[in-house]
Amino acid sequence: MDENNQQHNNGENLKTVRTYLSDMADTVRQNEISVIKVALAEQNKHEREDIYKKIEGTPAKKTFWFIGGLLLIAVAIFGVYYILKQKAIDNTVVEVVKEESIISYDANSFIDATNTNNLVEKVNALKKDASVVDKENSIRLISITKDANGVKEKLGAPEIFSEMNFTAPSSLVRSLSPSYMIGMYNKKLFLIFQTKDYEYTYAGMLEWEKTLARDMFSLFELNTKESILQLNARQWKDIIINNKDARVLSNESDVPILYYMFNDKNNLIIADSEDTIKEIIARLIIKNIKPL
């Protein structure tokens, strides 16, 4: 009886031990699995973060892409604006009115004399302006205007004499028409005045010879080593240009440096080049030819 009880108790103890050991083993296995899962999960997390970082890029790359995106947007906006603007220009009829002049011209420059004390300096600056590029044997009109109550008005001939401090006789100035032309031919300056009374203008020019060299000295930048007083004391001489009478002033080397002539009883030309005068005469002939 005792032996049976002892065997029964040992069986229960053995069963209990086996159950405990198995539970422990199960727990360990489960823990090992959990640790492995955690490790794998952590590894996967790091791998995903690395992938995200590679996809997102460095801060510098982010900035680069951001700026690049803005530039693309700006270019697109500008492109649309340019296309719309060009379309508007294409649909607009622009009428360009060419200024009337004594002779034909190929280009035009403008001088604002509103707030200037020295118009001669402005004209000389235009002659030396490197951006003013003309074709050979072309004429450039120089338009001189002043602001009058917000409107640009072209100066008349008497105002040109006043603004450039010319000392011509008053009878000469009064005999001139308001119409005149200041221009350049191959970078050489010229003046054309139109007269209302040829006799008075002719007599006035002979009188003006006394101070004409002085008045034109800076404007034409006359080629001389003499002083203004010395040059002004020189005598004007008669010369023939294109079978027309002209007057010429030469420097100390007997080189002609200033001319004036009446092409007809309407047009007075002042220039420092014989070639310029010939071109003006040719254009006056063309201008006066009436179509059949």
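With the cut-off at 21 Å, tell me which of the pairs Lys225/Lys278; Lys128/Lys287; Lys244/Lys287 have Cα atoms farther apart than that. If you can, show how the numbers build up before the last one.
Values: Lys225/Lys278 27 Å; Lys128/Lys287 29 Å; Lys244/Lys287 18 Å.
The answer is Lys225/Lys278; Lys128/Lys287.
How large is the Rg to Rh ratio of segment 107-288 when both quantities use alpha carbon positions and Rh follows Kirkwood?
A ratio of 0.94.
Where does the charge balance sit around Ser250 when Lys and Arg score +1, Asp and Glu -1, over other residues with C-beta under 9 Å from its C-beta? Numbers along the way, then the final one.
Numbers: positive: Arg234, Lys237; negative: Glu252, Asp254.
Charge balance in the 9 Å sphere: 0.
List, in order, the whole-Hz ³J(HN,Hα) value for each residue of segment 132-148 obtained from phi through the Karplus relation with A = 6.51, B = -1.76, C = 1.60 and θ = phi - 60°; use x for Gly and Pro.
In residue order, the calculated couplings are 8, 10, 10, 5, 4, 6, 9, 10, 10, 7, 10, 8, 10, 10, 9, 7, 10 Hz.
So, counting K/R as plus one and D/E as minus one, what does the shell of residues with Cβ under 13 Å around Tyr180 add up to?
Details: positive: Lys154, Lys196; negative: Glu99, Glu100, Glu159, Glu163.
Result for the neighbourhood of Tyr180: -2.
Tell me, what is the Rg over Rh of segment 168-275, with Rh the Kirkwood radius over Cα pairs?
Here Rg/Rh amounts to 0.94.
Mark the label point 7 Å from the Cα of Tyr202 along Cα→Cβ and return the residues of segment 256-292 whose backbone N is within less than 15 Å of it.
261-269
The numbers here are math on the coordinates, done by the rules we state, and not lab data. Source: prediction; values computed, not measured. Please note: Cβ atoms are built from the backbone with ideal geometry, for glycine as well, and neighbour counts cover all protein chains shown.
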